[in-house]
Amino acid sequence: MTAIDSASILILATDGYERSELRVPLEELKKRGATVKIASIKTGEIKSWDEKDWGDTVSVDLEAKNVKTEEFDALVLPGGQINPDLLRVNEEAVKVVRDFVKSGKPVAAICHGPWLLVEADALRGRKATSYHSIRTDIRNAGASWKDEAVVVDNGIITSRSPKDLPQFVEKIVEEIQEGPHDRRAA
């Protein structure tokens, strides 16, 4: 069990992340006392997609290839269409997801973020949700897709869209406080 005010959380993203899906968890988890780091497949800054155009940027703390799962209590995967599509074809990013799934630590993905869980083969035999346009991808990956704000299956948290961010963040906090889960690796 880890108290949220002593938790260390990693957000994995790259250019094209949905602004609110990174910013809201980042800010809300920090407000609760967690240390939150941003990992990416590049250094410097990554740019958000904000509804209909490019938005602001966020600084990258470490490259995906340098992530050490043991240094973090949870992984958050924001969506947007561009961000997870770029990450799921990058072996270093997919390795981060696989390592977190294997560790049993909470992994939270929202909107199109579950594409990374699909690529890591982490959804087979689980319940999950996502943005409605990728529900067939989720089902084809072996999951039972649910049209619910947040679905949790053994520490893997999935959510549909920005409108579900309050429930998504609450579930991240709850799962971190529960600690690692005994689950099969991806």
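Within the option set PRO114, PRO180, PRO162, being under 20 Å from VAL67 (Cα atoms) and in contact with a strand residue (DSSP E or B) (Cβ under 8 Å, 6 or more places away or on another chain) holds for one residue only, PRO114. Of the strands (runs of 3 or more DSSP E) lying entirely inside region 1-75, those containing at least 2 residues that are surrounded by fewer than 19 Cβ atoms within 10 Å (Cβ to Cβ) are 35-40, 45-50, 53-59.
Checked against the criterion of being basic (Lys, Arg), farther than 23 Å from GLU28 by Cα and in contact (Cβ under 8 Å) with a residue 24 or more places away in the chain, the candidates ARG160, ARG126 yield just one match: ARG126. Scanning region 127-145 for residues that are surrounded by fewer than 20 Cβ atoms within 10 Å (Cβ to Cβ) and touching a helix residue (DSSP H, G or I) at 6+ places or on another chain (Cβ under 7 Å) returns a single hit, ASP137. For region 124-153, the set of residues classified as within 15 Å of the chain's Cα centre (by Cα), farther than 19 Å from ARG19 by Cα and part of a loop (DSSP other than H, G, I, E, B) consists of THR129 only. Of the conditions (1) crowded, with 17+ Cβ neighbours inside 10 Å; (2) over 16 Å from ALA39 (Cα atoms), GLU148 satisfies every one except a single condition; which number is it? GLU148 satisfies every listed condition except (1).
Across region 174-186, the number of residues qualifying as surrounded by fewer than 21 Cβ atoms within 10 Å (Cβ to Cβ), under 24 Å from GLY33 (Cβ atoms) and touching a residue at least 60 places away in the same chain (Cβ under 8 Å) comes to 5. You will find that of LYS95, LYS105, the residue that is assigned to a helix (DSSP H, G or I), more than 11 Å from the chain's Cα centre (by Cα) and farther than 12 Å from GLU18 by Cβ is LYS95 and no other. Of the candidates ASP164, ASP85, the single residue that is closer than 20 Å to THR14 by Cβ, at pLDDT 95 or above and assigned to a helix (DSSP H, G or I) is ASP85.
The values are calculated or read from the model by the stated rules, or taken from the named source; none is laboratory data. The structure presented is a predicted model; accordingly, all values stated were derived computationally and were not measured. FYI the Cβ positions are ideal-geometry reconstructions off the backbone, even for glycines, and counts take in every protein chain you see.
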